[in-house]
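Peer 1: Encoded as structure tokens, here's the structure I'll be asking about.
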Amino acid sequence: MGLNPTIDQYLLSTCLFIIDEFDEQYRDLERTQLKKIADEKFNEMDICVRVGYPFKQMAHYTVGDSGNRTKSKVNNDIDIDSKDFKIEVKYLKNWRSASGTSSASKNWIVYQEDFDWLLQEISEGKKGKRAFIIGWFNCVERFSQLIQLGEGNGSKPLASERKLCYFPFLRKMTVPTYTTDLVYNYNSAYKPLPVNLIGEADQELDCYFLGNEKDVFHFAIYF
């Protein structure tokens with residue numbers, strides 16, 4: 001039996017087309033305008049539908065369906081049963097409080113659950129069949145404004161080494177490293193990056209970082 005395309009090969013081209021779509025729509029907007037659109041006009045389902053669209057009728061969407069949640073696995077946002085593909089999707093945005101301050105829309109535990117699920121699936125032989133996608137508009141100065149990467153609370157916490165392991169496309173600008181000292185390493189884009197986790201010597205988790213400085217949208221694909 002010959003080799004079949006893996007899930008990351010399908011998702012790589014799909015996500016690049018999505019970036020092109022958003023570039024065509026929003027490339028001329030000021031960052032403040034793009035930020036408003038990102039926070040108010042888009043949600044996770046918008047990204048899920050775009051990711052699943054090329055699979056047509058093969059795709060089954062279960063976003064927001066908590067009935068399948070167990071202690072060991074999270075519900076999968078997109079199932080393509082005919083290929084045994086399962087995809088989890090997260091969209092990064094900010095909530096604005098009554099006082100006018102912005103904060104990450106989800107706690108870190110939500111992302112950790114997805115990473116744990118993917119690692120478990122890979123350990124059970126599903127490498128090439130499972131993926132976790134994170135998407136976000138390139139509308140803030142720092143990635144840490146959209147996701148909690150610090151060891152604690154506050155406006156400038158120290159970056160968590162445990163969390164940073166999941167983002168090999170981020171570069172530390174100082175040591176010790178605060179969350180405000182993390183920038184994108186665009187030289188790492190468009191190629192598979194190993195995700196080297198603390199205490200996980202034999203894991204096989206890889207990541208694609210998709211986007212450049214001028215793109216209005218970025219993706220991280222874990223597989």
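The values are calculated or read from the model by the stated rules, or taken from the named source; none is laboratory data. Quick caveat: nothing in here was measured; it's all calculated off a predicted structure. Counting neighbours? That spans all protein chains shown, and the Cβs are built from the backbone with ideal geometry, glycine included.
One line per residue, one yes/no per condition, for (1) part of a loop (DSSP other than H, G, I, E, B); (2) aromatic (Phe, Trp, Tyr); (3) out of contact with any helix residue (DSSP H, G or I) (no Cβ under 6 Å at 6 or more places or on another chain); (4) under 18 Å from Ile147 (Cα atoms):
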residue: Arg171; (1), (2), (3), (4): no, no, yes, yes
residue: Thr180; (1), (2), (3), (4): no, no, yes, yes
residue: Asn196; (1), (2), (3), (4): yes, no, yes, no
residue: Glu200; (1), (2), (3), (4): yes, no, yes, no
residue: Glu204; (1), (2), (3), (4): yes, no, no, no
residue: Cys207; (1), (2), (3), (4): no, no, yes, yes
residue: Lys214; (1), (2), (3), (4): yes, no, yes, no
residue: Ala220; (1), (2), (3), (4): no, no, yes, yes
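Peer 1: Identify the single condition in (1) of a type in the set (A, V, I, L, M); (2) surrounded by 18 or more Cβ atoms within 10 Å (Cβ to Cβ); (3) farther than 28 Å from Lys214 by Cβ that Ile109 does not satisfy, given that it satisfies every other one.
Peer 2: (2)
Peer 1: Now a separate question. What are the pairs with Cβ atoms under 8 angstrom where one residue, in segment 115-127, is small (Gly, Ala, Ser) and the other, located anywhere, is at pLDDT below 95? Sequence gap at least six, or different chains.
Peer 2: Correct list of pairs: Ser123/Gln203.
Peer 1: Filtering segment 167-223 down to residues that are closer than 24 Å to Pro157 by Cβ and among the β-branched types (Val, Ile, Thr), which residue is surrounded by the most Cβ atoms within 10 Å (Cβ to Cβ)?
Peer 2: Here the residue is Thr179.
Peer 1: To continue, here is another question. If you go through segment 40-54, how many residues are crowded, with 18+ Cβ neighbours inside 10 Å and in contact with a Phe, Trp or Tyr (Cβ under 8 Å, 6 or more places away or on another chain)?
Peer 2: Number of matching residues: 4.
Peer 1: For Glu121, are the conditions met, namely being at pLDDT below 95 and charged (D, E, K, R)?
Peer 2: no
Peer 1: If we keep just the residues of segment 87-108 that are modelled with pLDDT of 95 or more and outside any strand (DSSP E or B), which is nearest to Leu164 (Cα to Cα)?
Peer 2: If we take residues in segment 87-108 being modelled with pLDDT of 95 or more and outside any strand (DSSP E or B), then Trp108 is nearest to Leu164 (Cα to Cα).
One line per residue, one yes/no per condition, for (1) more than 15 Å from Phe115 (Cα to Cα); (2) touching a Gly at 6+ places or on another chain (Cβ under 8 Å):
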{"position": "Tyr166", "(1), (2)": "no, no"}
{"position": "Leu170", "(1), (2)": "yes, no"}
{"position": "Val175", "(1), (2)": "yes, no"}
{"position": "Asn187", "(1), (2)": "yes, no"}
{"position": "Leu193", "(1), (2)": "yes, no"}
{"position": "Gly199", "(1), (2)": "no, no"}
{"position": "Asp202", "(1), (2)": "yes, no"}
{"position": "Lys214", "(1), (2)": "yes, no"}
{"position": "Phe223", "(1), (2)": "no, yes"}
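Peer 1: Among what's in segment 1-17 and is hydroxyl-bearing (Ser, Thr, Tyr) and out of contact with any Pro (no Cβ under 7 Å at 6 or more places or on another chain), pick the residue that is surrounded by the most Cβ atoms within 10 Å (Cβ to Cβ).
Peer 2: Top of the filtered list is Tyr10.
Peer 1: Filter segment 151-166 down to the residues that are closer than 24 Å to Gln203 by Cα, surrounded by 16 or more Cβ atoms within 10 Å (Cβ to Cβ) and not aliphatic (A, V, I, L, M) and list them by number.
Peer 2: Residues satisfying the conditions are Ser160, Lys163, Cys165, Tyr166.
Peer 1: May I pose another question? Among (1) out of contact with any helix residue (DSSP H, G or I) (no Cβ under 7 Å at 6 or more places or on another chain); (2) modelled with pLDDT of 95 or more; (3) not acidic (Asp, Glu), where does Gly152 come up short?
Peer 2: Single failed check for Gly152: (2).
Peer 1: Let me ask something else about it. Could you identify the single residue in Asp28, Asp20 that is outside any helix (DSSP H, G or I), surrounded by fewer than 17 Cβ atoms within 10 Å (Cβ to Cβ) and without any contact (Cβ under 8 Å) to a residue 60 or more places away in the chain?
Peer 2: Testing whether each residue is outside any helix (DSSP H, G or I), surrounded by fewer than 17 Cβ atoms within 10 Å (Cβ to Cβ) and without any contact (Cβ under 8 Å) to a residue 60 or more places away in the chain leaves just Asp28.
Peer 1: If I filter segment 133-152 down to residues being in contact with a Leu (Cβ under 7 Å, 6 or more places away or on another chain) and in a loop (DSSP other than H, G, I, E, B), which single residue comes out as farthest from Trp108 (Cα to Cα)?
Peer 2: Cys139
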